[in-house]
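To start, the structure itself, in structure tokens.
The values are calculated or read from the model by the stated rules, or taken from the named source; none is laboratory data. Being a predicted model, the structure only gives us computed values, none of them experimental. Virtual Cβ from ideal backbone geometry, glycine too; neighbours counted across all protein chains shown.
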Amino acid sequence: MARAPVEDTIDDKPMPLMEHLLELRTRVLWSVGAFFLAFAICYYFSSAIYGFLAQPLADILMQQSLASGGTGTDRRMIFTQLYEAFFTYLKVAFFGAIFFSFPMWATQLWLFVAPGLYRSEKKAIMPFLVASPFLFVMGAALAYYFIFPLAWKFFISFETPAGADSVAIQLEAKVSEYLALVMHMILAFGIAFQMPVLLTLLCKVGILNVESLRKGRRYAVVAMFVVAAIITPPDIISQIGLAIPLILLYEISILAAAWMAPKPDPDEGAKV
């Protein structure tokens, strides 16, 4: 006997347009309020947050100073415009507020959209919503803890000490330029790590399939190195440091897509 299909319903109740608009207004206010609260807190701690972002560079500069006979505290970062440090801290607070308020406004968006989805659609989307922030944090952590120390050490290796017939070449990083580079790298790695979510979702909706991902593996490897070369600074360390994890994530995408692909109904085979 064939099993009765599980009822796939929408949990939402009919609501007038005005009530939907009022609910949307409430969700937006909660999201905006969370952002401004996070912004105020991040601005208060903006100096500490910037110090955390600058720590990989500070560690290398200290090592370079000690190796050359310095005290380890004779290196510095500079700003060349009166308002540069102020706006840099505003940017730090802005990026921090986006990061820390993300759970709130993502939750509010889900609470607004979810009632209009079928149960099967909720079940299909939920794994992607859970995996996306974790993958972003993994990409950002890879950039901060592994790529930054290697890349900064590589760049600083081009410093030249003063000689009898040469002028010393020494890094004095600007606070705004360093923040721009760091945020660019963190966003690049975090967004690039969303690839398994994107590819698995495309396979889930039928735009791609597992077989096409397997056949396109050689082209994907080339594409990973091209993407890494475009979105990272022009050094081989950052490019390889992003390309290799992307290749591994591509293989994980194939496994995830195969696992989430619709399975054939055994009852259909029994009927034939």
Test: Tyr50 is more than 17 Å from Leu181 (Cα to Cα) and aromatic (Phe, Trp, Tyr): no
Test: residue in region 131-143 that is in a helix (DSSP H, G or I), at pLDDT below 90 and among the hydroxyl-bearing types (Ser, Thr, Tyr): yes
Matching residues, region 78-99, being assigned to a loop (DSSP other than H, G, I, E, B) and in contact with a strand residue (DSSP E or B) (Cβ under 7 Å, 6 or more places away or on another chain): Phe79, Thr80
For region 41-56, how many residues are surrounded by 14 or more Cβ atoms within 10 Å (Cβ to Cβ) and over 21 Å from the mean Cα position of the chain (by Cα)? 3
Read through the list (1) crowded, with 16+ Cβ neighbours inside 10 Å; (2) modelled with pLDDT under 90; (3) of a type in the set (S, T, N, Q), then give the number of the only condition that Asn209 fails. (1)
Within region 121-137, restricting to residues that are surrounded by 16 or more Cβ atoms within 10 Å (Cβ to Cβ) and without any contact (Cβ under 8 Å) to a residue 60 or more places away in the chain, the one that is farthest from the chain's Cα centre (by Cα) is Lys122
Would a scan of region 166-186 turn up a residue that is in contact with a Cys (Cβ under 6 Å, 6 or more places away or on another chain) and hydrophobic (A, V, I, L, M, F, W, C)? no
Matching residues in region 152-170 - criterion: being in a strand (DSSP E or B) and at pLDDT below 75: Gly163, Ser166
Kindly provide the set of residues from region 212-251 that are part of a helix (DSSP H, G or I), touching a residue at least 40 places away in the same chain (Cβ under 8 Å) and either surrounded by fewer than 16 Cβ atoms within 10 Å (Cβ to Cβ) or on the phi > 0 side of the Ramachandran plot (or both), ordered by number. Arg214
Could you grab the pairs with beta carbons closer than 6 Å, sequence gap of 6+ or different chains, first residue in region 59-88 and within 16 Å of Gln170 (Cβ to Cβ) and touching a residue at least 12 places away in the same chain (Cβ under 8 Å), second one among the aliphatic types (A, V, I, L, M) and assigned to a helix (DSSP H, G or I)? Ile60/Ile156; Arg75/Leu61; Met77/Val175
Criterion (touching a Lys or Arg at 6+ places or on another chain (Cβ under 7 Å) and part of a helix (DSSP H, G or I)) met by exactly one of Leu179, Leu202: Leu179
Based on what the data block shows, is Ile169 of a type outside the set (Asp, Glu) and within 18 Å of Arg75 (Cα to Cα)? yes
Can you tell me which residue in region 60-99 is farthest from the chain's Cα centre (by Cα), limited to those that are of a type in the set (D, E, K, R) and at pLDDT 90 or above? Glu84
Which members of region 47-58 meet the condition of being touching a residue at least 60 places away in the same chain (Cβ under 8 Å) and closer than 17 Å to Ala97 by Cα? Tyr50, Leu53
